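**Q** Here you go, one structure.
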């Protein structure tokens, strides 16, 4: 069997009397999207900070890309990229200049070509020369994710990537995340949006009060409830359907 890209066993973390993580266990298969779902304060961000070596666990073991976060943190950092809850982009620079800057900081050859490839991949070519201050929320987030992919990390952490975005921008980010997985990147996504996990994840784990209370595919989670009854119901359009019917779906237009 292929070793998982991420393996977490008996993970614990406390802040004095506040027990944030209470023995968390999960695996993330390579090339998959894994959603860590939970309300605010459930411990999602704490888990990501431990996985990305920004925080030390109190107990348990964590490996990322076969490297232990405690004994080989430098190797873990070389294997990952972390996109936080707020876009870490420079508003003064253009989209292309942001990408070229990161490529140079990573000492990569031909940073211009890398930037152009990522702009094309994330449908930002038309806005490449514009200052990021003029970008919409969805464009900024897509640029942020593109910047995190410079150097081709095999594992990427997205910590609540659509917080504060409007419905159309969220769809833009969802499409970008799906494309990451299609190209072989392992994605660990934290979110408090139920429909986001449903749309994106191959597996979903629900973190509640510091523990994983359920972990499985969407079909497996649906089996936890009684079988659905077949009844005739007049379906009303959802607000999301109304929104996109009115404004149109131009999520790839780069405007």
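Only the coordinates and a few stated rules stand behind these numbers; no lab work does. All figures in this text were calculated on a predicted structure; none of them were measured in a lab. Cβ coordinates were reconstructed from backbone atoms using ideal geometry, including for glycine residues, and neighbour counts include every protein chain displayed.
**Q** Could you give me the percent of Cα pairs per 10 Å distance bin for the range 129-201, shortest bin first, beginning at zero and ending with the bin that holds the maximum distance?
**A** Spelled out per bin, shortest first, that is 18, 55, 25, 2.
**Q** For a footprinting-style exposure proxy, rank 135, 232, 193, 15 by other Cβ within 10 Å, fewest first.
**A** Ascending number of Cβ neighbours within 10 Å: 232, 15, 193, 135.
**Q** Just how far, in whole angstrom, is the range 176-236 from the range 6-63 if you go by their alpha carbon centroids?
**A** 18 Å
**Q** Could I ask something else about it? For the chain, what is the mean residue ellipticity at 222 nm derived from helices alone (per DSSP H run of n ≥ 4: -39500 (n - 2.57); sum divided by total residues; nearest 500 deg cm²/dmol)?
**A** Helix contribution divided over all residues of the chain: -9500 deg cm²/dmol.
**Q** In a Gaussian network model over the chain where Cα atoms closer than 10 Å are linked, find which of 233, 187, 102 has the largest mean-square fluctuation.
**A** 233
**Q** With equal scatterers on the alpha carbons only and no solvent term, can you work out the Debye log10 of I(q)/I(0) for the range 63-159 at 0.11, 0.19, 0.24 1/Å?
**A** Debye intensities relative to I(0), on a log10 scale: -0.33, -0.87, -1.22.
**Q** Please build a GNM for the chain, connecting alpha carbons under 10 Å apart, and tell me which residue among 119, 55, 143 fluctuates the most.
**A** Between 119, 55, 143, it is 55 that shows the largest mean-square fluctuation.
**Q** Below 8 Å, C-alpha to C-alpha, sequence gap of six or more: please give me the relative contact order for the range 6-247 in percent.
**A** Computed value for the range 6-247: 27 percent relative contact order.
**Q** Right, next: Sort 178-185, 213-220 by the packing proxy (mean of other Cβ within 10 Å over each peptide's residues), most packed first.
**A** Ranking, from highest mean packing down: 178-185, 213-220.
**Q** How would the chain be classified by its alpha-carbon gyration tensor: rounded, prolate or oblate, with rounded meaning a/c under 1.5 and the a/b versus b/c comparison settling the rest?
**A** It comes out oblate by the Cα gyration axes.
**Q** Can I ask one more? Of all the C-alpha pairs in the range 1-121, what % are more than 24 Å from each other?
**A** In whole percent, the long-distance tail amounts to 41.
**Q** Gain in length, residue 199 to residue 231, computed as 0.36 nm per residue apart minus the alpha-carbon separation, to one decimal in nm?
**A** In short, 9.0 nm is gained.
**Q** So for each of 24-30, 156-162 I average, over its residues, the number of other beta carbons within 10 Å; can you give me the resulting order with the highest mean first?
**A** Ranked by mean Cβ neighbours within 10 Å, highest first: 156-162, 24-30.
**Q** If you don't mind, there's one more thing I want to ask. Can you tell me the order of 43-49, 124-130, 107-113 when each peptide is scored by its average per-residue count of other Cβ atoms within 10 angstrom, highest first?
**A** Going by the mean number of other Cβ atoms within 10 Å, highest first, we get 43-49, 124-130, 107-113.
**Q** Considering the chain as a Gaussian network with a 10 Å cut-off on Cα pairs, which listed residue, 78, 196, 241, attains the greatest mean-square fluctuation?
**A** It is 241.
**Q** Counting only DSSP beta bridges with both residues in the chain, tell me the antiparallel percent, nearest 5.
**A** 55 percent
**Q** Under a crude label model (7 Å from the Cα following the beta-carbon direction), how far is residue 163 from residue 104 in nanometres?
**A** Spacing of the two 7 Å Cα→Cβ label points: 3.1 nm.
**Q** Over the range 99-183, calculate the relative contact order: mean separation of alpha carbon pairs under 8 Å at least 6 apart, over the residue count, as a percent.
**A** Relative contact order, the range 99-183: 28 percent.
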